[in-house]
């Protein structure tokens, strides 16, 4: 059985070097120094040491580094960066490492700890994010093409991005063909890669995560990409006791800044997975614009009455409501009933005993 120490160790993780600060049970600094941000360096420093509490910020290196330290027998706490440094004007690697150690020693809850997904889920999510990066790159290339042509007084026809190179090729002015051809060629290549990734994601969603994604895809407008990303982001339906908590976890609830009599209405927190929030907003736009009749669409349309600002708020609110619905379907395994309220009204009340 590995010995347990009273040490708390703060690690300010850098891309090449990491600063460490070791605090003993009396709150005294007993060691400070730097390590290379490599598995070999951290194994050499922490292997064989009595089990300690080690704390670091969430970042690029924290998934593999926290797992490495756990495998070496240490307790590892990954702090949410959003909870740190607010109002602090002094910020250096040395100060950050000490603060992490002291805050974890005093009350780890102030660091809003996060739990990284396992390597398997990270690998599956990487597939989703590779597709996202290619779609964003394709959009930039298309916008460059349109902007270049527009600056010469011409316009390219509107069309789906998947058919853009073939559709617009004949509309490019002769003097811009040489500049446009490389862009159109790269867009075509991106389209091929995106189509291949769409198939891979659809296969992954239908096989490995099929039991969960089929429940989510019952909702019109929710496809394989959104369903799979939701499952990989939430990881387990039991992670949240109430489905309403999912909206806050994904940053779709309004921020709060209440003080005394002041309680202004603020925008959403935008916490959590950015891409998951983008996908939910896209689904909400589909539901509002052309989705089939449902309780959710009726609620969204009523919310959107009152102009453009009301419509923008309605889209975000619908995305939040959709996240809650998806979690409920996943957790309960229920069959989605788009007009559940009408069905409930049609059922006659039981006669009084």
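The values are calculated or read from the model by the stated rules, or taken from the named source; none is laboratory data. In this text the structure is predicted, and so the values were computed from the model without any measurement. As a convention, Cβ positions derive from the backbone with ideal geometry for all residues, glycine included, and neighbour counts pool all protein chains shown.
Filtering the stretch 242-272 to residues that are modelled with pLDDT of 90 or more, part of a loop (DSSP other than H, G, I, E, B) and in contact with a helix residue (DSSP H, G or I) (Cβ under 8 Å, 6 or more places away or on another chain) leaves 243, 244, 250, 251, 252, 253.
For (1) in the same structural domain as residue 128 (by TED's automatic domain parsing); (2) at pLDDT 95 or above; (3) surrounded by 16 or more Cβ atoms within 10 Å (Cβ to Cβ); (4) farther than 27 Å from residue 132 by Cβ, each residue gets a yes or a no:
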position: 151; (1), (2), (3), (4): yes, no, no, yes
position: 173; (1), (2), (3), (4): yes, no, no, yes
position: 184; (1), (2), (3), (4): yes, yes, yes, no
position: 189; (1), (2), (3), (4): yes, yes, no, no
position: 197; (1), (2), (3), (4): yes, yes, yes, no
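Listed here are the helices (runs of 4 or more DSSP H) enclosed by the stretch 123-241 that have at least 3 residues being free of Cβ contacts under 8 Å to residues at least 24 places away in the same chain and at positive phi, and there are none. On inspection, residue 201 passes the criterion of being in contact with a helix residue (DSSP H, G or I) (Cβ under 7 Å, 6 or more places away or on another chain), in the same structural domain as residue 138 (by TED's automatic domain parsing) and surrounded by 15 or more Cβ atoms within 10 Å (Cβ to Cβ). Considering each residue of the stretch 322-330 in turn, none proves to be out of contact with any strand residue (DSSP E or B) (no Cβ under 6 Å at 6 or more places or on another chain) and without any contact (Cβ under 8 Å) to a residue 60 or more places away in the chain. Taking the stretch 1-44 as the range and being part of a helix (DSSP H, G or I) and either at pLDDT below 95 or surrounded by fewer than 16 Cβ atoms within 10 Å (Cβ to Cβ) (or both) as the test, the residues that pass are 39, 40, 41, 43, 44.
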